[in-house]
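One structure is given below, encoded as structure tokens.
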Amino acid sequence: MVATVDARGLSCPQPVIMTLDEIKKGSEKEIIVLVDTDTSKENVTRAAESQGCKVNEVSPEGEGYRITFTKE
Amino acid sequence: MKGKNIFATRWGIIGVGACIGILAPLLQKLGNPGNMGICVACFERDIAGAIGLHRAAVVQYIRPEIIGFVFGSLIAAYLFKEYRPRVGSAPVVRFVLGTFAMIGALVFLGCPWRAVLRLAGGDGNAILGLLGLTFGIWIGTLFLKNGYNLGRTQTTHTTVGWMLPLIMIGLLVLMLIFPQVEGQDKSGVLFYSLKGPGAMHAPLILSLIVGLGIGFLAQRSRFCTMGAIRDTVLFGQTHLLSGFVSLVVFAFLTNLVLGQFKAGFAGQPVAHTQHVWNFAGMTLAGLAFALAGGCPGRQLFLSGEGDGDAAVFVLGMIVGAGFAHNFGLASSPKGVGPHGIAAVIIGLLVCLFIGFTMRRKSV
């Protein structure tokens, strides 16, 4: 199963807070985060990597991005 | 122009901090006030004065740096396809936060940018301001941890994102139609300072170019002075902090080279020595910036890339400057204004009310 965090429309630092919450509390190994700005894309990617997650894919989706990563 | 954003790397943000750290003291050398090469709050306050929203005669000038910040960011956003018009995330709350952020900053006499420039110029009072700023941001992070948020934005018309840039064009046009006249305190509809900080400024074109350059770099790097402290406190993430520290270090070195470093507490330019109120003023500003998600510079850069809510915050700051001087809330080198203390207390209460009541676990 995959956990999805929808952080679209939320401004800094909400997307990072939600991502870290999911990494720390969620049970799924694979996490998808949806964001709608480049800043959020960079911040979420940076936060996931700092938690030791492996970022698998960052792809455009709608007007934003879909970031997929797995917990170690 | 897409691909990897080198400015978003660790060395990228350090480089941007270094650029700002060098350019700000240079602007001071070129004519800007002491330890005020760049101060977003002070400059917006000067703009408020120039258009008569307050009539403090010593702080009236349309600062081209601010116009440049917005347009530099807008150009970068368009060039790198990051312009995204959006609005609707509690704009009126952002307006109120902007108003009180300005009032807090004017009790200290500077925004976070000027706080570090004051430090880099040897002004010890800045230490109290920076401690207050950190304390205010720390309170903000407690709210963030407990679910505080401003809600989601919505994508909107391109025009909405253009509103603040257009207002900035309007200000620039006014300045060109009604240029400063030697010895006159008014030119057409605009007010100009004959003495005081408002009378001190680098040449218009240089201020504008530096503003554009910094706006461009800051948009690319997401440079934010409040975020620097917030991310460190909230996540232990020091990415933005490295840019902020780089700014201090390079501003300090540039001040040494230019002979602008003077250590001490008393007699510092556009500063007072009331430690408690330097601390408390910046606590208010820091909390307001944290609740609004960005330092005053970042709000200008976000406005340039289409964020209509950040634009509302900026307008709140400009209106706040009007209140600050009309109501005697702003400090002066003599100390806090007659009603500055009351305003800080009210501002803190308002921010706490916003922080406590705008919580939702799931958004």
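The values are calculated or read from the model by the stated rules, or taken from the named source; none is laboratory data. As the structure is a computational prediction, the values presented were derived from the model and not from experiment. Reconstructed Cβ throughout: ideal geometry from the backbone, glycine too, with neighbour counts over all protein chains shown. Side chains are part of the model used for accessible areas, which takes the heavy atoms of the whole protein and leaves out ligands, DNA and RNA. Shrake-Rupley method; radii C 1.70, N 1.55, O 1.52, S 1.80 Å.
Let's see how each residue does on (1) closer than 25 Å to B:Lys81 by Cβ; (2) among the basic types (Lys, Arg):
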{"residue": "A:Val5", "(1), (2)": "yes, no"}
{"residue": "A:Arg8", "(1), (2)": "yes, yes"}
{"residue": "A:Lys25", "(1), (2)": "no, yes"}
{"residue": "A:Ser50", "(1), (2)": "no, no"}
{"residue": "A:Val55", "(1), (2)": "yes, no"}
{"residue": "A:Ser59", "(1), (2)": "yes, no"}
{"residue": "A:Gly62", "(1), (2)": "yes, no"}
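Among residues of the range A:1-12 being within 12 Å of chain B (Cβ to nearest Cβ) and in a strand (DSSP E or B), the one that is nearest to A:Lys54 (Cα to Cα) is A:Val5. B:Thr159 satisfies every condition listed in (1) surrounded by fewer than 16 Cβ atoms within 10 Å (Cβ to Cβ); (2) within 25 Å of B:Ala321 (Cα to Cα) except (2).
For residues that are assigned to a loop (DSSP other than H, G, I, E, B), within 17 Å of B:Ile20 (Cα to Cα) and facing chain A (nearest Cβ under 10 Å), tally how many sit in the range B:215-260. Break it down into steps so the answer makes sense when it comes.
Here is the first cut: in the range B:215-260, the ones assigned to a loop (DSSP other than H, G, I, E, B) are B:222-224, B:236-238, B:259-260.
Those left that are additionally within 17 Å of B:Ile20 (Cα to Cα): B:222-224, B:260.
Restricting the remaining residues to those that are facing chain A (nearest Cβ under 10 Å) gives B:222, B:224.
Count: 2.
Quick one: which helices (runs of 4 or more DSSP H) lie wholly within the range B:1-103 and hold at least 2 residues that are closer than 17 Å to B:Lys195 by Cα? Working first, answer last.
Working: elements: B:10-29, B:40-50, B:64-79.
Fully inside the range B:1-103 and qualifying: B:40-50.
Checked against (1) touching a Pro at 6+ places or on another chain (Cβ under 6 Å); (2) open to solvent by 10 Å² or more (accessible area, probe 1.4 Å), B:Asn255 meets all criteria but (2). Among the residues of the range B:139-161, those that are within 14 Å of another protein chain (Cβ to nearest Cβ) and assigned to a helix (DSSP H, G or I) comprise B:Gly140, B:Thr141, B:Leu142, B:Phe143, B:Leu144, B:Lys145, B:Thr158, B:Gly161.
The set of residues from the range A:13-63 being outside any helix (DSSP H, G or I), at the interface with another protein chain (Cβ under 9 Å from one of its Cβ atoms) and surrounded by fewer than 22 Cβ atoms within 10 Å (Cβ to Cβ) comprises just one member, A:Glu63. Test B:His239 against the stated conditions and say whether it is of a type outside the set (Asp, Glu) and either in contact with a Pro (Cβ under 9 Å, 6 or more places away or on another chain) or open to solvent by 40 Å² or more (accessible area, probe 1.4 Å) (or both). Taking the combined requirement at face value, the residue does not satisfy it.
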